[in-house]
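Data first, discussion second: the structure below is written as structure tokens.
Quick note: the coordinates plus some simple rules give every number you see, no bench work behind them. Bear in mind the structure is a predicted one, so any value in this text is a computation, not a measurement. Note: ideal-geometry Cβ built from the backbone for every residue, glycine included; neighbour counts use all protein chains shown.
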Amino acid sequence: MPPILKRRKLSDLLVTAKNTNELLHMLQEYRSNLDEGDEDLSAGLVDKLQELRDKLEDVKYTSFSKVDPMTLFSLGISCGPLLLISDKRQEVENLGLAEISGCLPIDTVRSQISLVRGHVAMVTEAGCRILINILLLRVLSVMCQGDTTVNIIPEFPIPRTIFDRDSGKCSFSGVVDFLVTKLPAGYTEYLLGDPTTALTNSGSIKGPMTTTIFEAKRDNVRAALPQAAIAAASYCQLQGSALCRSMFCDVV
């Protein structure tokens, strides 16, 4: 008679592996040998491995969409409005209206905005993003001058990032609506061809690079502000930067 297989608890695995660190090392080694492009790879295996790692490390996982002001407070993350200096307002307005060779003409932008407002339903975020697309295209066309360029990465996934706080470790991840980068023009093809690789290995990009996260919200913007803040904080932590910047596109 074949032996009866008994389901094992996580604590049993820890005994077998002698200690948590050893088991975590084994999982990491196994994970690094996986080819995510392999068609024979079981669906969801990578996510399950990450979930197991989180359990072993006693890390609480939270999606960006579930973050609230108290979460930011517990992490020591502050957020607030970016106020435009009055002396710079006219300079910014002039730049916004500038007619630069090769950029998207302002009259074309106005015409497109009128077309969208007259024929696209704005009751969902998907509708709002059509309008935001036009505005961001105008911004990058004006700013893509000289040796630097601006690029838009829609629906950019930010991998799980661990933060330490008094009550223990917690992990956050999610997808941001728009990630806009300014970097040396020579890296545009590299960035657009594989954004995730380029932006999670930013050390391979030689030269200054700045990134702004945009979140599109149809309503309840104040409640969603912490979500954008934690997304920016997670991204900056991955990049090893202390400066985090995110913005909302609120379309009414």
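Annotations for the structure displayed:
- Sequence of 183, 238, 192, 97 once ranked by neighbouring C-beta atoms within 10 Å, starting from the fewest: 97, 192, 238, 183
- Shape call, region 96-190: gyration tensor on alpha carbons, a/c limit 1.5: oblate
- Our note on the geometry: Cα centres of region 84-98 and region 115-138, 24 Å apart.
- Going by neighbour counts of Cβ atoms within 10 Å, the residues 181, 210, 62 line up, fewest first, as 210, 62, 181.
- Residues 29, 215 in ascending order of nearby Cβ atoms (within 10 Å, fewest first): 29, 215.
- Paramagnetic reach from residue 165 in region 213-229 [backbone N under 14 Å; point 7 Å along Cα→Cβ]: 226-227, 229
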